[in-house]
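The values are calculated or read from the model by the stated rules, or taken from the named source; none is laboratory data. The structure presented is a predicted model; accordingly, all values stated were derived computationally and were not measured. Virtual Cβ from ideal backbone geometry, glycine too; neighbours counted across all protein chains shown. Surface accessibility is based on the protein's heavy atoms, side chains included, excluding ligands, DNA and RNA. Shrake-Rupley method; radii C 1.70, N 1.55, O 1.52, S 1.80 Å.
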Amino acid sequence: MGCPRSLLGAAVLLAAAACSAGAGDGASLKPDASSIVDAGTVLEAASSMDAASALPAADAGDAGAPDDGGDDAGDAATYVWNLPPGFPVPVVPADNPMSAPKVNLGRHLFYDTRLSGNYTESCASCHQQAKAFTDGLARAIGSTGVQHPRSAMSLANVAYASTLTWADPLELELEDQALIPMFGDDPVELGLTSRDALVQRLSQVPVYGPLFAAAWPGDPAPLTFIHIVQALASFERTIISGRSPYDQYLFGDDSALSDSAKRGYNLFNSETMECFHCHVDFDLTDHTNWAGKAFFDEPYHNTGLYNIDGKGAYPAPNTGVYRVTLMPPDMGKFKAPTLRNIAVTAPYMHDGSIATLDGVLDHYQAGGRTITSGPYAGNGSLSPLKDPLIRPLQFTDQDRADVIAFLQSLTDTTFLTDPTLSDPW
(Lines give C-alpha, C1' and ligand atoms only; values in the text may rest on other atoms or scores of the structure.)
Protein backbone atom coordinates (compact mmCIF):
# COMPACT_ATOMS: atom_id res chain seq x y z
CA MET A 1 0.00 0.00 0.00
CA GLY A 2 3.00 2.31 0.14
CA CYS A 3 5.11 3.99 2.76
CA PRO A 4 4.15 6.73 5.24
CA ARG A 5 4.31 10.15 3.70
CA SER A 6 6.96 12.55 4.90
CA LEU A 7 6.32 15.22 7.50
CA LEU A 8 6.83 18.09 5.08
CA GLY A 9 9.08 19.84 7.56
CA ALA A 10 7.55 18.76 10.85
CA ALA A 11 9.37 15.45 10.96
CA VAL A 12 8.08 12.73 13.22
CA LEU A 13 6.94 9.83 11.03
CA LEU A 14 9.38 9.64 8.17
CA ALA A 15 8.78 8.04 4.82
CA ALA A 16 12.43 7.40 4.21
CA ALA A 17 12.82 5.50 7.45
CA ALA A 18 9.67 3.46 6.90
CA CYS A 19 10.48 2.59 3.32
CA SER A 20 14.05 1.57 4.08
CA ALA A 21 12.84 -0.73 6.85
CA GLY A 22 10.20 -2.35 4.68
CA ALA A 23 6.56 -2.75 5.60
CA GLY A 24 6.07 -5.22 8.38
CA ASP A 25 9.58 -6.68 8.23
CA GLY A 26 10.28 -6.00 11.91
CA ALA A 27 13.13 -3.58 11.29
CA SER A 28 13.11 -0.43 13.34
CA LEU A 29 11.36 2.55 11.78
CA LYS A 30 12.96 4.99 14.19
CA PRO A 31 14.49 7.82 12.12
CA ASP A 32 18.16 8.58 12.50
CA ALA A 33 19.52 12.10 12.84
CA SER A 34 20.10 12.46 9.11
CA SER A 35 16.44 11.81 8.30
CA ILE A 36 14.89 14.26 10.75
CA VAL A 37 14.17 17.65 9.25
CA ASP A 38 15.72 20.24 11.54
CA ALA A 39 12.97 21.92 13.55
CA GLY A 40 14.70 25.27 13.37
CA THR A 41 14.72 25.06 9.57
CA VAL A 42 11.01 24.27 9.62
CA LEU A 43 10.20 27.28 11.73
CA GLU A 44 12.45 29.62 9.77
CA ALA A 45 10.70 28.58 6.59
CA ALA A 46 7.31 28.96 8.19
CA SER A 47 7.99 32.49 9.36
CA SER A 48 9.25 33.58 5.95
CA MET A 49 6.61 31.98 3.72
CA ASP A 50 3.53 33.82 4.92
CA ALA A 51 4.07 37.17 6.52
CA ALA A 52 0.38 37.56 7.23
CA SER A 53 -0.05 34.40 9.26
CA ALA A 54 3.33 32.99 10.22
CA LEU A 55 4.66 34.22 13.52
CA PRO A 56 8.35 34.83 14.25
CA ALA A 57 9.57 31.52 15.56
CA ALA A 58 11.67 30.50 18.48
CA ASP A 59 13.76 27.35 18.35
CA ALA A 60 11.07 24.70 18.72
CA GLY A 61 13.40 22.54 20.74
CA ASP A 62 13.73 25.12 23.50
CA ALA A 63 11.27 25.84 26.27
CA GLY A 64 10.43 29.40 25.38
CA ALA A 65 8.91 31.89 27.79
CA PRO A 66 5.96 34.15 26.99
CA ASP A 67 6.62 37.87 26.87
CA ASP A 68 5.69 40.07 29.79
CA GLY A 69 3.08 42.00 27.87
CA GLY A 70 4.59 45.46 28.03
CA ASP A 71 3.50 48.06 25.53
CA ASP A 72 3.39 45.53 22.71
CA ALA A 73 1.13 42.97 24.35
CA GLY A 74 -0.83 42.57 21.13
CA ASP A 75 2.22 42.39 18.87
CA ALA A 76 2.98 38.89 17.59
CA ALA A 77 6.68 39.72 17.44
CA THR A 78 6.85 39.85 21.25
CA TYR A 79 5.38 36.38 21.79
CA VAL A 80 7.70 33.39 22.14
CA TRP A 81 6.15 29.96 21.63
CA ASN A 82 6.97 27.09 23.94
CA LEU A 83 6.90 24.36 21.30
CA PRO A 84 7.97 20.73 21.62
CA PRO A 85 10.84 19.57 19.40
CA GLY A 86 9.80 19.16 15.79
CA PHE A 87 6.62 21.23 16.09
CA PRO A 88 6.06 24.08 13.62
CA VAL A 89 4.47 27.42 14.50
CA PRO A 90 0.65 27.32 14.48
CA VAL A 91 -1.37 29.51 12.16
CA VAL A 92 -2.63 32.62 13.96
CA PRO A 93 -5.13 35.08 12.43
CA ALA A 94 -3.59 38.44 11.58
CA ASP A 95 -6.32 40.23 13.55
CA ASN A 96 -5.67 38.24 16.74
CA PRO A 97 -1.91 38.03 17.32
CA MET A 98 -0.65 36.10 20.31
CA SER A 99 0.39 37.74 23.56
CA ALA A 100 1.01 36.42 27.06
CA PRO A 101 -1.62 38.69 28.71
CA LYS A 102 -4.19 37.58 26.14
CA VAL A 103 -3.39 33.91 26.81
CA ASN A 104 -3.65 34.50 30.54
CA LEU A 105 -7.03 36.15 30.13
CA GLY A 106 -8.22 33.33 27.88
CA ARG A 107 -7.19 30.77 30.47
CA HIS A 108 -9.35 32.51 33.09
CA LEU A 109 -12.28 32.61 30.68
CA PHE A 110 -11.84 28.95 29.69
CA TYR A 111 -12.32 27.84 33.31
CA ASP A 112 -15.04 30.34 34.24
CA THR A 113 -18.58 29.00 34.73
CA ARG A 114 -19.88 32.52 34.12
CA LEU A 115 -19.57 31.60 30.44
CA SER A 116 -22.63 29.38 30.75
CA GLY A 117 -26.13 30.77 30.93
CA ASN A 118 -26.89 29.12 34.27
CA TYR A 119 -23.39 29.40 35.79
CA THR A 120 -22.97 25.61 35.92
CA GLU A 121 -20.39 24.85 33.24
CA SER A 122 -17.26 26.29 31.69
CA CYS A 123 -15.36 25.29 28.57
CA ALA A 124 -13.27 23.11 30.87
CA SER A 125 -16.31 21.09 31.94
CA CYS A 126 -16.21 19.22 28.63
CA HIS A 127 -12.47 19.72 28.09
CA GLN A 128 -10.67 18.55 31.22
CA GLN A 129 -6.89 18.76 31.35
CA ALA A 130 -6.36 15.38 33.03
CA LYS A 131 -8.26 13.74 30.14
CA ALA A 132 -6.31 15.60 27.44
CA PHE A 133 -9.06 18.23 27.33
CA THR A 134 -11.99 15.94 26.71
CA ASP A 135 -14.45 14.67 29.34
CA GLY A 136 -14.42 10.86 29.36
CA LEU A 137 -18.07 10.64 28.31
CA ALA A 138 -19.35 8.85 25.24
CA ARG A 139 -21.48 11.90 24.50
CA ALA A 140 -21.04 15.28 26.14
CA ILE A 141 -23.63 16.79 28.52
CA GLY A 142 -24.54 20.48 28.17
CA SER A 143 -25.16 22.98 30.92
CA THR A 144 -28.91 22.30 30.89
CA GLY A 145 -28.47 18.52 31.05
CA VAL A 146 -28.97 17.88 27.35
CA GLN A 147 -26.93 14.95 26.04
CA HIS A 148 -25.08 15.80 22.85
CA PRO A 149 -25.02 13.51 19.82
CA ARG A 150 -21.20 13.46 19.71
CA SER A 151 -18.32 13.20 22.11
CA ALA A 152 -16.27 16.22 23.13
CA MET A 153 -13.11 16.22 21.03
CA SER A 154 -9.74 16.49 22.72
CA LEU A 155 -8.32 20.00 22.41
CA ALA A 156 -4.73 18.73 22.41
CA ASN A 157 -2.98 20.53 19.54
CA VAL A 158 -6.21 22.14 18.36
CA ALA A 159 -4.05 25.02 17.13
CA TYR A 160 -2.94 22.72 14.30
CA ALA A 161 -6.37 21.43 13.29
CA SER A 162 -7.19 22.15 9.64
CA THR A 163 -10.86 22.36 10.53
CA LEU A 164 -12.66 22.21 13.86
CA THR A 165 -15.31 19.80 15.19
CA TRP A 166 -15.78 16.24 13.97
CA ALA A 167 -17.17 16.85 10.53
CA ASP A 168 -17.72 20.47 9.55
CA PRO A 169 -15.41 21.62 6.73
CA LEU A 170 -16.62 25.21 7.21
CA GLU A 171 -15.29 25.63 10.76
CA LEU A 172 -11.77 26.99 10.22
CA GLU A 173 -10.92 29.35 13.09
CA LEU A 174 -11.17 29.00 16.84
CA GLU A 175 -12.56 32.52 17.14
CA ASP A 176 -15.58 31.53 15.05
CA GLN A 177 -15.99 28.05 16.47
CA ALA A 178 -16.30 29.43 20.02
CA LEU A 179 -19.74 30.79 19.13
CA ILE A 180 -21.14 27.27 18.72
CA PRO A 181 -20.76 26.07 22.33
CA MET A 182 -21.61 29.53 23.63
CA PHE A 183 -24.86 30.14 21.77
CA GLY A 184 -25.80 26.92 20.00
CA ASP A 185 -29.23 25.53 20.84
CA ASP A 186 -29.16 22.21 18.95
CA PRO A 187 -27.85 20.94 21.27
CA VAL A 188 -27.51 23.45 24.09
CA GLU A 189 -23.93 23.53 25.35
CA LEU A 190 -23.08 26.60 27.44
CA GLY A 191 -26.52 28.02 26.86
CA LEU A 192 -25.75 31.73 26.50
CA THR A 193 -28.34 33.87 24.76
CA SER A 194 -26.88 37.39 24.63
CA ARG A 195 -23.41 38.73 23.87
CA ASP A 196 -24.14 41.99 25.63
CA ALA A 197 -25.37 40.15 28.73
CA LEU A 198 -22.13 38.16 28.85
CA VAL A 199 -20.04 41.33 28.62
CA GLN A 200 -22.12 42.90 31.38
CA ARG A 201 -21.76 39.79 33.53
CA LEU A 202 -17.98 39.73 33.24
CA SER A 203 -17.70 43.47 33.83
CA GLN A 204 -18.95 42.84 37.37
CA VAL A 205 -15.97 40.57 38.14
CA PRO A 206 -13.12 42.67 39.59
CA VAL A 207 -10.29 40.50 38.24
CA TYR A 208 -11.35 40.94 34.62
CA GLY A 209 -10.80 44.70 34.39
CA PRO A 210 -7.01 44.43 34.79
CA LEU A 211 -6.83 41.25 32.70
CA PHE A 212 -8.59 42.80 29.69
CA ALA A 213 -6.57 46.01 30.08
CA ALA A 214 -3.31 44.05 30.04
CA ALA A 215 -4.37 42.11 26.97
CA TRP A 216 -5.39 45.25 25.04
CA PRO A 217 -3.37 48.05 26.67
CA GLY A 218 -4.21 50.64 24.03
CA ASP A 219 -7.97 50.16 24.20
CA PRO A 220 -9.92 52.43 26.60
CA ALA A 221 -12.79 49.91 26.77
CA PRO A 222 -11.19 46.48 26.18
CA LEU A 223 -13.91 44.27 27.70
CA THR A 224 -15.86 43.42 24.56
CA PHE A 225 -17.38 40.25 23.21
CA ILE A 226 -14.89 40.11 20.34
CA HIS A 227 -12.05 40.29 22.82
CA ILE A 228 -13.62 37.49 24.88
CA VAL A 229 -13.54 35.05 21.96
CA GLN A 230 -10.11 36.24 20.84
CA ALA A 231 -8.67 35.60 24.30
CA LEU A 232 -10.27 32.17 24.47
CA ALA A 233 -8.80 31.27 21.08
CA SER A 234 -5.37 32.53 22.12
CA PHE A 235 -5.34 30.27 25.18
CA GLU A 236 -6.58 27.30 23.17
CA ARG A 237 -3.66 27.73 20.75
CA THR A 238 -1.29 27.05 23.66
CA ILE A 239 -2.88 23.66 24.46
CA ILE A 240 0.01 21.85 22.81
CA SER A 241 1.11 18.29 23.54
CA GLY A 242 4.35 16.82 22.21
CA ARG A 243 6.55 15.58 25.04
CA SER A 244 5.45 11.98 25.43
CA PRO A 245 7.76 8.94 25.70
CA TYR A 246 7.17 8.52 21.96
CA ASP A 247 8.61 11.98 21.33
CA GLN A 248 11.56 11.31 23.60
CA TYR A 249 12.25 8.15 21.61
CA LEU A 250 12.06 9.96 18.29
CA PHE A 251 14.54 12.54 19.44
CA GLY A 252 17.21 10.22 20.73
CA ASP A 253 16.21 8.44 23.96
CA ASP A 254 16.09 4.79 22.93
CA SER A 255 15.06 3.77 26.44
CA ALA A 256 11.90 5.88 26.37
CA LEU A 257 9.89 3.06 24.76
CA SER A 258 9.59 -0.56 25.84
CA ASP A 259 10.45 -3.28 23.34
CA SER A 260 6.74 -3.94 22.94
CA ALA A 261 6.02 -0.28 22.16
CA LYS A 262 8.87 -0.24 19.63
CA ARG A 263 7.38 -3.24 17.87
CA GLY A 264 4.01 -1.54 17.97
CA TYR A 265 5.52 1.58 16.43
CA ASN A 266 6.86 -0.50 13.54
CA LEU A 267 3.51 -2.23 13.09
CA PHE A 268 1.68 1.11 13.20
CA ASN A 269 3.73 2.20 10.19
CA SER A 270 3.43 -1.08 8.30
CA GLU A 271 1.00 -2.52 5.79
CA THR A 272 0.02 -5.07 8.41
CA MET A 273 -1.87 -2.40 10.37
CA GLU A 274 -2.22 0.50 7.88
CA CYS A 275 -2.53 3.09 10.67
CA PHE A 276 -0.06 5.53 9.13
CA HIS A 277 -2.32 6.54 6.25
CA CYS A 278 -4.61 8.64 8.44
CA HIS A 279 -2.46 9.16 11.55
CA VAL A 280 0.62 10.90 10.23
CA ASP A 281 2.75 13.99 10.75
CA PHE A 282 3.83 15.35 14.11
CA ASP A 283 0.24 15.28 15.42
CA LEU A 284 -0.61 11.76 14.21
CA THR A 285 -3.54 12.90 12.10
CA ASP A 286 -3.91 13.79 8.42
CA HIS A 287 -5.95 16.87 9.32
CA THR A 288 -3.23 19.39 10.20
CA ASN A 289 -2.23 22.90 9.26
CA TRP A 290 0.58 25.21 10.34
CA ALA A 291 2.08 28.55 9.44
CA GLY A 292 3.65 28.44 6.00
CA LYS A 293 2.35 25.00 5.04
CA ALA A 294 2.35 24.68 1.27
CA PHE A 295 -1.13 23.18 0.98
CA PHE A 296 -4.29 22.80 3.04
CA ASP A 297 -5.34 19.31 4.20
CA GLU A 298 -8.88 18.54 5.35
CA PRO A 299 -9.57 14.88 4.54
CA TYR A 300 -12.48 13.02 6.08
CA HIS A 301 -13.00 9.28 6.27
CA ASN A 302 -15.82 6.75 6.46
CA THR A 303 -14.40 3.85 8.47
CA GLY A 304 -17.36 1.50 8.21
CA LEU A 305 -18.51 2.15 11.75
CA TYR A 306 -22.15 1.91 10.63
CA ASN A 307 -24.09 0.60 7.63
CA ILE A 308 -27.69 0.68 8.79
CA ASP A 309 -29.37 0.38 5.38
CA GLY A 310 -26.87 -1.69 3.43
CA LYS A 311 -25.98 1.43 1.46
CA GLY A 312 -23.59 2.97 3.99
CA ALA A 313 -25.99 5.12 6.02
CA TYR A 314 -25.02 6.38 9.49
CA PRO A 315 -27.64 7.14 12.14
CA ALA A 316 -28.86 10.75 12.21
CA PRO A 317 -27.80 13.28 13.28
CA ASN A 318 -24.28 11.84 13.15
CA THR A 319 -24.07 11.57 9.39
CA GLY A 320 -20.64 13.19 9.15
CA VAL A 321 -19.75 15.70 6.46
CA TYR A 322 -22.99 14.76 4.68
CA ARG A 323 -24.90 16.79 7.26
CA VAL A 324 -23.16 19.92 5.93
CA THR A 325 -22.83 19.18 2.21
CA LEU A 326 -25.86 16.90 1.61
CA MET A 327 -23.66 15.06 -0.88
CA PRO A 328 -24.28 11.28 -0.69
CA PRO A 329 -20.57 10.29 -0.89
CA ASP A 330 -19.95 12.33 2.28
CA MET A 331 -22.18 10.09 4.39
CA GLY A 332 -20.32 8.88 7.46
CA LYS A 333 -17.16 10.86 6.82
CA PHE A 334 -15.42 12.21 9.92
CA LYS A 335 -11.96 13.59 10.60
CA ALA A 336 -9.26 11.32 11.99
CA PRO A 337 -8.50 12.82 15.41
CA THR A 338 -5.03 13.09 16.83
CA LEU A 339 -3.82 9.94 18.58
CA ARG A 340 -1.83 11.92 21.11
CA ASN A 341 -2.88 11.01 24.67
CA ILE A 342 -5.27 8.45 23.18
CA ALA A 343 -4.98 6.20 26.25
CA VAL A 344 -6.71 8.82 28.43
CA THR A 345 -9.43 9.92 26.00
CA ALA A 346 -11.74 6.88 25.99
CA PRO A 347 -14.39 6.17 24.84
CA TYR A 348 -13.62 6.40 21.15
CA MET A 349 -15.11 7.41 17.79
CA HIS A 350 -17.27 10.46 17.13
CA ASP A 351 -20.12 9.10 19.22
CA GLY A 352 -18.11 7.32 21.90
CA SER A 353 -19.54 3.99 20.76
CA ILE A 354 -16.31 2.00 21.24
CA ALA A 355 -15.22 1.79 24.87
CA THR A 356 -11.61 0.60 24.65
CA LEU A 357 -8.52 0.57 22.46
CA ASP A 358 -9.03 -3.19 22.11
CA GLY A 359 -12.47 -2.46 20.70
CA VAL A 360 -11.03 0.03 18.23
CA LEU A 361 -8.55 -2.59 17.01
CA ASP A 362 -11.42 -5.10 16.69
CA HIS A 363 -13.19 -2.62 14.44
CA TYR A 364 -10.22 -2.11 12.16
CA GLN A 365 -9.21 -5.78 12.16
CA ALA A 366 -12.66 -6.62 10.80
CA GLY A 367 -12.49 -3.85 8.20
CA GLY A 368 -15.63 -2.27 9.65
CA ARG A 369 -17.95 -2.90 12.58
CA THR A 370 -20.81 -5.37 12.53
CA ILE A 371 -23.82 -4.59 14.74
CA THR A 372 -26.06 -7.64 14.89
CA SER A 373 -29.29 -6.25 16.34
CA GLY A 374 -31.19 -3.10 17.15
CA PRO A 375 -31.88 0.03 15.12
CA TYR A 376 -28.25 0.38 14.05
CA ALA A 377 -27.78 -3.21 12.89
CA GLY A 378 -25.60 -3.64 9.83
CA ASN A 379 -22.26 -4.82 8.55
CA GLY A 380 -19.94 -1.85 8.24
CA SER A 381 -17.30 -3.88 6.42
CA LEU A 382 -19.72 -4.12 3.47
CA SER A 383 -20.45 -0.40 3.28
CA PRO A 384 -20.08 0.91 -0.28
CA LEU A 385 -19.09 4.31 1.16
CA LYS A 386 -16.24 2.99 3.29
CA ASP A 387 -12.75 4.36 2.71
CA PRO A 388 -10.90 1.82 0.52
CA LEU A 389 -8.04 1.75 3.04
CA ILE A 390 -10.39 0.18 5.59
CA ARG A 391 -10.16 -3.53 4.89
CA PRO A 392 -9.86 -6.68 7.02
CA LEU A 393 -6.42 -6.94 8.60
CA GLN A 394 -4.45 -9.95 9.76
CA PHE A 395 -2.54 -9.44 12.99
CA THR A 396 -1.82 -11.57 16.02
CA ASP A 397 -2.67 -11.08 19.68
CA GLN A 398 0.96 -10.10 20.25
CA ASP A 399 0.72 -7.54 17.46
CA ARG A 400 -2.37 -6.11 19.13
CA ALA A 401 -0.63 -5.86 22.51
CA ASP A 402 2.38 -4.19 20.90
CA VAL A 403 0.30 -1.58 19.08
CA ILE A 404 -1.58 -0.77 22.28
CA ALA A 405 1.75 -0.39 24.08
CA PHE A 406 2.79 2.08 21.38
CA LEU A 407 -0.48 3.99 21.68
CA GLN A 408 0.01 4.20 25.44
CA SER A 409 3.44 5.74 24.83
CA LEU A 410 1.69 8.74 23.28
CA THR A 411 0.52 9.90 26.73
CA ASP A 412 2.19 13.20 27.59
CA THR A 413 2.00 13.38 31.38
CA THR A 414 3.69 16.78 31.40
CA PHE A 415 0.85 18.12 29.26
CA LEU A 416 -1.81 16.55 31.48
CA THR A 417 -0.41 18.32 34.54
CA ASP A 418 1.09 21.49 33.07
CA PRO A 419 0.24 24.30 35.54
CA THR A 420 0.14 26.88 32.73
CA LEU A 421 -2.89 25.06 31.32
CA SER A 422 -4.67 24.48 34.62
CA ASP A 423 -7.55 26.22 36.35
CA PRO A 424 -6.32 29.67 37.51
CA TRP A 425 -9.29 30.24 39.81
Using a 1.4 Å probe, how large is the accessible area of LEU137, given in Å² and rounded to the nearest 10? 80 Å²
Ranked order, HIS277, HIS350 - accessible area, probe 1.4 Å, largest first: HIS277, HIS350
Estimated distance in nm for a label pair at VAL207 and GLU271, the labels positioned 7 Å out from Cα along Cα-to-Cβ: 5.7 nm
Which three extents, in whole angstrom, do the alpha-carbon atoms of the stretch 284-345 cover along their principal axes, largest first? 42, 30, 16
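Please tell me the relative contact order of the stretch 123-196 in percent, rounded to the nearest whole number, where contacts are Cα pairs under 8 Å and at least six residues apart. All intermediate terms of the calculation are to be shown ahead of the outcome.
On the way: 99 pairs, mean separation 18.4, N = 74.
This gives 25 percent for the stretch 123-196.
Give, in whole angstrom and from largest to smallest, the semi-axes √(5λ) of the equivalent ellipsoid of the stretch 311-365, with λ running over the eigenvalues of the Cα gyration tensor.
Taking √(5λ) for each Cα gyration eigenvalue gives 24, 12, 10 Å.
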Ratio of the Cα radius of gyration of the stretch 107-174 to 2.2 N^0.38 Å, where N counts its residues: 1.12
Distance between Cα centroids, the stretch 320-347 to the stretch 92-167: provide it in whole Å. 18 Å
Find the percent of Cα-Cα distances in the stretch 164-241 that exceed 17 Å, and round it to a whole number. 54 percent
How many angstrom lie between the C-alpha centres of the stretch 250-288 and the stretch 376-406? 17 Å
Under 5 Å, built H, 5+ apart or other chain: amide partners of SER162: THR288, ASN289
For THR134, distant residues with modelled amide H under 5 Å away: GLN128, LEU155
So the FRET efficiency between GLN147 and ASP95, C-beta based with R0 = 45 Å and rounded to 0.05, is 0.80
Positive-pole candidate from THR420, THR303, PRO337, dipole of the stretch 270-425, charges at beta carbon: THR303
What does the extension gain come out to for ARG391 and THR414, with contour length at 0.36 nm per residue minus their alpha carbon separation? 4.7 nm
Would you list, by chain and number, the lysines whose Cα falls below 25 Å from the Cα of LYS293, excluding same-chain residues fewer than 8 positions away? LYS30, LYS333, LYS335
Can you tell me the order of 212-220, 298-306 when each peptide is scored by its average per-residue count of other Cβ atoms within 10 angstrom, highest first? 298-306, 212-220
Pairwise FRET efficiency - GLU298 versus SER194, Cβ, R0 = 35 Å, nearest 0.05: 0.60
A student asked for the Cα radius of gyration and Dmax of the stretch 185-304 in angstrom ought to give 22.1, 61
List the chymotrypsin sites (Phe, Trp or Tyr not before Pro) within the stretch 91-143 that fall in a DSSP loop (any state other than H, G, I, E or B) and whose Cβ has at most 15 other Cβ atoms within 10 Å. TYR119
